[in-house]
Amino acid sequence: VLAGRTSACDYPPEISKIPIVGGFGTPSLEALLKIEPTVILTADLADPTIAKQMTALGLHYEQINCRKLDDIPLAIELIGQLIGYEPQANSFAQKIRSEILALRQESQATTNRPLVYAEIWHDPIMTCGKGSFLSEIIYIAGGQNIGDEVAKDFFQVDPEWVLSKNPDIIFCFYMSKEGSAKNTIPQRPGWQNIKAVSSGNIFDGLDNNLVLRPGPRVIHGIRIIKEKIKSASLK
């Protein structure tokens with residue numbers, strides 16, 4: 001039985017009925033003690049000392065790490081062991097493994113990979129680097145991440161750097177108060193000369209949760225990115 005969730009845990013919609021016991025990475029110890037959980041599943045804790053406090057209070061927690069696609073089925077299996085649903089979890093994990101393998105095999109047939117720039121924030125401008133979860137998704141979907149020359153999950157970039165890379169496709173994985181990225185990005189000085197901009201290959205309005213949150217739904221996210229790359233007008 002799911003006894004509590006963070007304010008960031010919003011899928012599936014039915015989860016809204018479950019009590020909130022803190023924010024992402026910032027659980028309320030008082031709220032946790034009230035629901036008396038058998039086990040607490042964590043991803044990242046904003047304050048590492050919270051883990052020590054939970055242990056001191058007799059709360060059993062397990063950190064679930066998902067940094068790569070292959071970590072997802074492993075996480076499913078671990079959760080299955082922890083909550084007593086091992087057979088069901090193993091079956092589901094194998095299904096996810098098979099789907100990831102199929103997508104990788106399809107990707108191996110890709111010859112001419114378009115250069116992809118993935119913008120995850122606009123102020124300051126941020127992108128993803130080599131070895132990141134998002135870069136792995138871009139590659140399997142048939143693209144080549146221009147940020148792969150930097151061995152960081154995420155990093156800040158200069159607009160001139162993006163200009164020099166001249167990507168074929170731009171994905172914007174955020175919601176901006178300034179409006180659609182399709183309208184704002186072409187207004188940046190010099191960016192009209194980027195192939196992705198001049199060809200109209202700017203994609204936004206996606207469900208970012210499908211690619212930025214490691215989990216089973218990422219399979220659907222990869223397929224969406226793959227379709228967008230296929231639909232791009234390349235020069």
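Coordinate-derived values only; no laboratory data. Keep in mind that what you see is a predicted model, and the values were worked out from it rather than measured. Cβ coordinates were reconstructed from backbone atoms using ideal geometry, including for glycine residues, and neighbour counts include every protein chain displayed.
What length, rounded to one decimal in nm, is gained on full extension from residue 193 through to residue 16, with 0.36 nm per residue of separation minus their alpha-carbon distance?
Value of the extension gain: 59.2 nm.
Contour minus end-to-end for residue 67 and residue 161, with contour as 0.36 nm per residue of separation and end-to-end as the Cα-Cα distance?
31.2 nm
Which peptide among 50-59, 115-124 comes first, and what is the full order, when sorted by highest mean count of other Cβ atoms within 10 Å?
Listed from highest to lowest mean packing, they are 115-124, 50-59.
Students often forget the sequence filter, so: which lysines lie under 28 Å Cα-Cα from residue 230 once same-chain residues fewer than 8 apart are removed?
Partners found: 68, 95, 130, 152, 165, 182, 195.
For the pair residue 38 and residue 90, what calculated FRET efficiency results from E = 1/(1 + (r/R0)^6), where r is the Cβ-Cβ distance and R0 = 22 Å, to the nearest 0.05?
0.60
Kindly rank 33-39, 156-162 from highest to lowest mean number of other beta carbons found within 10 Å of each residue.
Going by the mean number of other Cβ atoms within 10 Å, highest first, we get 156-162, 33-39.
Shape verdict for the chain, please, from the Cα gyration tensor: rounded (a/c under 1.5), prolate (a/b greater than b/c) or oblate.
prolate
Please compute the length gained on full extension between residue 2 and residue 207, using 0.36 nm multiplied by the number of residues separating them and subtracting their Cα-Cα distance.
Taking 0.36 nm per residue and subtracting the Cα distance, the gain is 71.3 nm.
Pop a pseudo-label 7 angstrom from the Cα along the beta-carbon direction at both residue 45 and residue 183 and give the gap in nm to one decimal.
4.4 nm
Assuming R0 = 25 Å, can you tell me the calculated FRET efficiency for the pair residue 217 and residue 55, based on Cβ-Cβ distance, to the nearest 0.05?
0.20
If you count, for each residue, the other Cβ atoms within 10 Å and average over each peptide, how do 14-20, 165-171 line up from highest to lowest?
165-171, 14-20
With labels modelled as points extended 7 Å from the Cα through the Cβ direction, what inter-label distance (nm, one decimal) is found for residue 105 paired with residue 24?
Output for this residue pair reads 3.4 nm.
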